[in-house]
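Asker: Sharing a structure below in structure tokens format, with a few things to ask.
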Amino acid sequence: MELVSQILFGLLNGVTWGILLALISSGLNVIFGLLGIVNVAHGSFYMVGAYLAWLITTQLGSFWLALFLAPLIVGMLGILAEFILKPVEQNHTLSVLGTFGVTLALQGSALTIWGGAPKRLSAPVGWKFSLFGTGYSYYRIIAAAISLITLICLWFLLERTDVGLKFRAVQEDPELSVAAGIRVPLVYSLGFGLGAALAGLSGALVAPTVSITPEMGLRIFAIVFLIVIAGGLGRIWNAVLFAIVFSVVRGLLTTFFNPTAALIATFVLVLVFLLLRKNLPTSRG
Amino acid sequence: MSGGSKRYLMKAVASSVAVTSIGVLPLFLGRFQVVLLTEVIIWGVFALSFNLIYGYTGMLSFGQSMFFGAGAYILTYGIIWEFGLPLSLVMVALGGALLGLIVGAVAVRVRGAKFFLVTLVGAILFHLIALDNRWLTGGDDGLLVPLQFRGITENFYLIYGFGLFVGLVTFAIVKSPVGLVFRMIKGDRERAELLGYWTDGYRILSFAIGGAIAALAGGLYGYTTGFVSADFFHWSYSADAVVWTVLGGSGTIAGPFVGAALLTFIREVLSSTWGVVYPVLVGLLLVGLVLGFPDGVVGLLGRISSRYSDKKGADGG
Amino acid sequence: MKELLVTRGLGLEIDRKNIIRDVDTSLAVGEIKGVMGPNGAGKSTFLRLLAGELCPTSGEIALRGEDMTSKPAREFNKSGISYVSQRPGPFPDLTVEENVRGAVQRGSLFSRRSVRSKVDTLVDLIGIQAKLGLSARELSYGEMRTLDVGMALASEPVLLLADEPTAGVSGDVADEIITLLKGLCRSNDGRRFGLDGLIFVEHDKGTVFHLADRVGFLREGRFVVEGSPEEVRENRAVVQYLAEHGVD
């Protein structure tokens, strides 16, 4: 009975965390999958979102306000970063280096301002329900629900309005897009801003459930980058599926191994999957 | 004398002067500066390993910390098991090369941004594995390298000689026919393939050589500090190698050393008071380099000097 | 007549679009074939398939009876097929000498003397001695195209594929390139870098009918007509095409 409840607990945790992970990946999916810009700083945007949530909640007293403000601020930060790096954004190597510079700068700033010691934020919804003898926070369920709603809105925006069409058009044929009257630089700015805002929102949503450190960005970046590629660039629901699979596998492995070993095993599994799968789907649709 | 060979001679003279003056520097420096200079040479060798893979073969790899950490631990166990320094270093180089072959063989299967990702995930994985296996690595607490006490100057000349050796070997490699293929792959991999080269093979080879050099740097760093820990595998070492190389000038032998020296100097100037802003500064520096000076310091100097000599040539003729 | 290259049912489908459909063609030893056709007919794609740069989705390619279809691009080069692509191919950051040496040294990586002599012969052949020390990006467009031909010859191929080798090149240099190509195929009497066959894509009809022994007219991914220049010139589809694009 003990084992069954542990496994069920791992499953539930995997699914809720997986949906959050999917939200983080969705931002990268817009920036990398649709616009084709490699953005190593995505994890740092997420990190900044988490710090902003902590800062706004402790200073202004409202987590829900933070949830509203963090994506706005991080989105503007994204637009600024894209503006600065515009000259090199079509060159994969240079944009990896440039956005990595942004990563170091953001991470360094967080370290300078708030120090390396982890910050903690208590959950805005305190109640827990009892699950197999352990308490499970309602907040995780709420966070997953907010993520899911955001993902549905994003899907609607990208698949049911002409915004998504424009995103695809500028990457596939910039010249034709100009001819068709699309303002290409503006699309890149807004797309990048949208992606960054999604990272900021997910950072804020996650903030009450993790310890907030300057270093939280790069590791999550590796995970979401894996998810976006494994799911197929630009495919939101595939990425959601992969995010859930990733964290469920990780959650289940955690019930048998220590967390580090579980993470190692999950990474290896995804890597093997990625390498064995030939001809990764790059077509969109 | 033609312009090309004149420039070549100028370069040779400049390099010899630079190398010699670094060699006599310890006579005029305090103990602390000698230690710092020793570290700079190790970091230069480490960045050079990245430069071979990135600056000469065109692969933006984030995996150098894997080889650095592995080299440090191989050397530590070599010393613990009393193989002696020379044999341990041979083991370090071979181990690094073998690891490079394996990592390279995995990484070259994917292209572009995915390549960067695979090497980054590799670096993170190695760090996690090192943290998780305390029985082998000592985890965060690390292991002591059982060394007899050596003089600081003695150690400097050991590292100096080693840096010189690695620099010359790398120079010979990039000037060799194999090095030409590396540079062709950097220019246009598909085109090199159409000219009949098995480019994946050459890319793996570049990884193996870079792995050996990075492992040696890791081994020597452990040997110098007398201590190794799982943090030797941390991805930030890869990041350092990237920044030093891009700052100094990728695709040159001197570049990584220049970059390592400059940033170490900046870090020391900032000292403990301003040390916290160092990472911010490095990040902004990288953004600025990417936007304005992708050739780095050495590339910039080269452009200035060639413009100067062209002008002089035109005036004379 | 002995056949150098044969394709059977060659096809390429990308995103459910047939770029090349069911092409059966052959090239005899010593033959020069010109490929012409409207934009988007698949001329370049056809050449890239023959060069091994693209992998066909159906059909097969055989060089001197040896099946090449599923081999990687480098094996095409090793078997004797060289390719001059539509865009200039020299490595811009390498010097002209390094470009030639890089193309030459593959067969004999560590024999400096034989590489040296081959580089010298090639450099003489394409007449680029004066520019050896320059980096390739400093060359004029015509010089780059000449260097492309030189690099393609470096592996001593039996078959050369050239995609518009003279497009965008000034008249004089274009003539030089044409003369060079023609000479390589016509005087294969023990000369180094002689060719057994040449397939080229060209927009300029004058060049096609002047240089080629056989001409193929490609439209919508298949050869509408193939034959001697005279035959092709008479064909209705070709006549119509030439009328629309100005007759030379």
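The values are calculated or read from the model by the stated rules, or taken from the named source; none is laboratory data. Predicted model, so just to flag it, every value in this text is computed and none were measured. Because the Cβ atoms are built from the backbone with ideal geometry, glycine has one as well, and the counts that use them run over all protein chains shown. Just so you know, the surface numbers come from the protein's heavy atoms only, side chains and all, with ligands and any DNA or RNA stripped out. Shrake-Rupley method; radii C 1.70, N 1.55, O 1.52, S 1.80 Å.
Asker: B:Phe165 is checked against (1) surrounded by fewer than 17 Cβ atoms within 10 Å (Cβ to Cβ); (2) within 14 Å of chain A (Cβ to nearest Cβ) and fails just one. What number does that condition carry?
Answerer: (2)
Asker: Is it the case that B:Leu143 is within 8 Å of chain A (Cβ to nearest Cβ) and modelled with pLDDT of 90 or more? Write out each step before concluding.
Answerer: Working: within 8 Å of chain A (Cβ to nearest Cβ): no; modelled with pLDDT of 90 or more: yes.
The answer is no for B:Leu143.
Asker: Would a scan of segment B:252-274 turn up a residue that is of a type in the set (Phe, Trp, Tyr), farther than 30 Å from B:Val174 by Cα and open to solvent by 20 Å² or more (accessible area, probe 1.4 Å)?
Answerer: Looking through segment B:252-274, at least one residue is of a type in the set (Phe, Trp, Tyr), farther than 30 Å from B:Val174 by Cα and open to solvent by 20 Å² or more (accessible area, probe 1.4 Å).
Asker: Run down A:Ser130, A:Ser122, A:Ser109 and say which single residue is outside any loop (DSSP other than H, G, I, E, B) and surrounded by fewer than 18 Cβ atoms within 10 Å (Cβ to Cβ).
Answerer: The match here is A:Ser130.
Asker: Do we find a residue being over 15 Å from the mean Cα position of the chain (by Cα), at pLDDT 90 or above and not hydrophobic (A, V, I, L, M, F, W, C) anywhere in segment A:196-203?
Answerer: No - not one qualifying residue is present in segment A:196-203.
Asker: Next up: For segment C:47-94, enumerate the residues that are more than 19 Å from the chain's Cα centre (by Cα) and surrounded by 20 or more Cβ atoms within 10 Å (Cβ to Cβ).
Answerer: The answer is C:Leu94, and nothing else.
Asker: Any idea which residue in segment C:92-144 is farthest from the other protein chains (Cβ to nearest Cβ), counting only those that are touching a residue at least 60 places away in the same chain (Cβ under 8 Å) and within 24 Å of C:Gly171 (Cα to Cα)?
Answerer: By that ranking, first place goes to C:Leu125.
Asker: Quick check on segment A:179-193. Is at least one of its residues under 30 Å from A:Gln6 (Cα atoms) and crowded, with 20+ Cβ neighbours inside 10 Å?
Answerer: No, segment A:179-193 contains no residue that is under 30 Å from A:Gln6 (Cα atoms) and crowded, with 20+ Cβ neighbours inside 10 Å.
Asker: Let me ask something additional. Just one of B:Ala172, B:Ala192, B:Ala130 is on the phi < 0 side of the Ramachandran plot, away from chain C (no Cβ under 14 Å) and of a type in the set (A, V, I, L, M, F, W, C); which is it? Walk me through how you get there before you give the answer.
Answerer: On the way: B:Ala172 fails: away from chain C (no Cβ under 14 Å); B:Ala192 fails: away from chain C (no Cβ under 14 Å).
Matching residue, one of B:Ala172, B:Ala192, B:Ala130: B:Ala130.
Asker: Go through segment A:240-264 residue by residue and tally those that are at the interface with chain B (Cβ under 9 Å from one of its Cβ atoms) and touching a residue at least 24 places away in the same chain (Cβ under 8 Å).
Answerer: Summing the residues that are at the interface with chain B (Cβ under 9 Å from one of its Cβ atoms) and touching a residue at least 24 places away in the same chain (Cβ under 8 Å) in segment A:240-264 gives 0.
Asker: I've got another one for you. Just give me the residues in segment B:8-57 being within 24 Å of B:Met184 (Cβ to Cβ) and either surrounded by fewer than 16 Cβ atoms within 10 Å (Cβ to Cβ) or touching a His at 6+ places or on another chain (Cβ under 6 Å) (or both), in sequence order.
Answerer: B:Tyr8, B:Lys11 - these are the residues of segment B:8-57 that are within 24 Å of B:Met184 (Cβ to Cβ) and either surrounded by fewer than 16 Cβ atoms within 10 Å (Cβ to Cβ) or touching a His at 6+ places or on another chain (Cβ under 6 Å) (or both).
Asker: Is it fair to say B:Leu120 is within 14 Å of chain A (Cβ to nearest Cβ) and open to solvent by less than 30 Å² (accessible area, probe 1.4 Å)?
Answerer: yes
Asker: Being β-branched (Val, Ile, Thr), at pLDDT 90 or above and surrounded by 21 or more Cβ atoms within 10 Å (Cβ to Cβ) is the requirement here; does C:Ile199 meet it?
Answerer: So C:Ile199 fits the description; yes.
Asker: While we're looking at this one, here's another question. Considering only residues that are within 19 Å of the chain's Cα centre (by Cα) and away from every other protein chain (no Cβ under 12 Å), which ones fall in segment B:267-285?
Answerer: The one that is within 19 Å of the chain's Cα centre (by Cα) and away from every other protein chain (no Cβ under 12 Å): B:Arg267.
Asker: Outside any helix (DSSP H, G or I) and not aromatic (Phe, Trp, Tyr): which single residue out of C:Leu125, C:Leu161 fits that description?
Answerer: So the residue among C:Leu125, C:Leu161 that is outside any helix (DSSP H, G or I) and not aromatic (Phe, Trp, Tyr) is C:Leu161.
Asker: Sticking with this structure for a sec: Six or more apart or on different chains, Cβ under 6 Å: which pairs go from a residue in segment C:44-58 that's modelled with pLDDT under 95 to one that's open to solvent by 50 Å² or more (accessible area, probe 1.4 Å) and polar (S, T, N, Q)? Could you list them?
Answerer: From segment C:44-58, the pairs are C:Ser44/C:Gln86.
Asker: How many residues does segment A:86-99 hold that are surrounded by 18 or more Cβ atoms within 10 Å (Cβ to Cβ), part of a helix (DSSP H, G or I) and more than 7 Å from every other protein chain (Cβ to nearest Cβ)?
Answerer: Qualifying residue count, segment A:86-99: 2.
Asker: How about segment B:286-300: which of its residues are open to solvent by less than 40 Å² (accessible area, probe 1.4 Å) and either in contact with a Cys (Cβ under 6 Å, 6 or more places away or on another chain) or within 11 Å of another protein chain (Cβ to nearest Cβ) (or both)?
Answerer: B:Leu286, B:Val287, B:Gly288, B:Leu289, B:Val290
Asker: Can you confirm whether A:Val102 is within 7 Å of another protein chain (Cβ to nearest Cβ), open to solvent by less than 60 Å² (accessible area, probe 1.4 Å) and modelled with pLDDT of 95 or more?
Answerer: yes
Asker: Within segment A:69-85, which residues are aliphatic (A, V, I, L, M), away from every other protein chain (no Cβ under 12 Å) and open to solvent by less than 60 Å² (accessible area, probe 1.4 Å)?
Answerer: Across segment A:69-85, the qualifying residues are A:Leu69, A:Ala70, A:Val74, A:Leu77.
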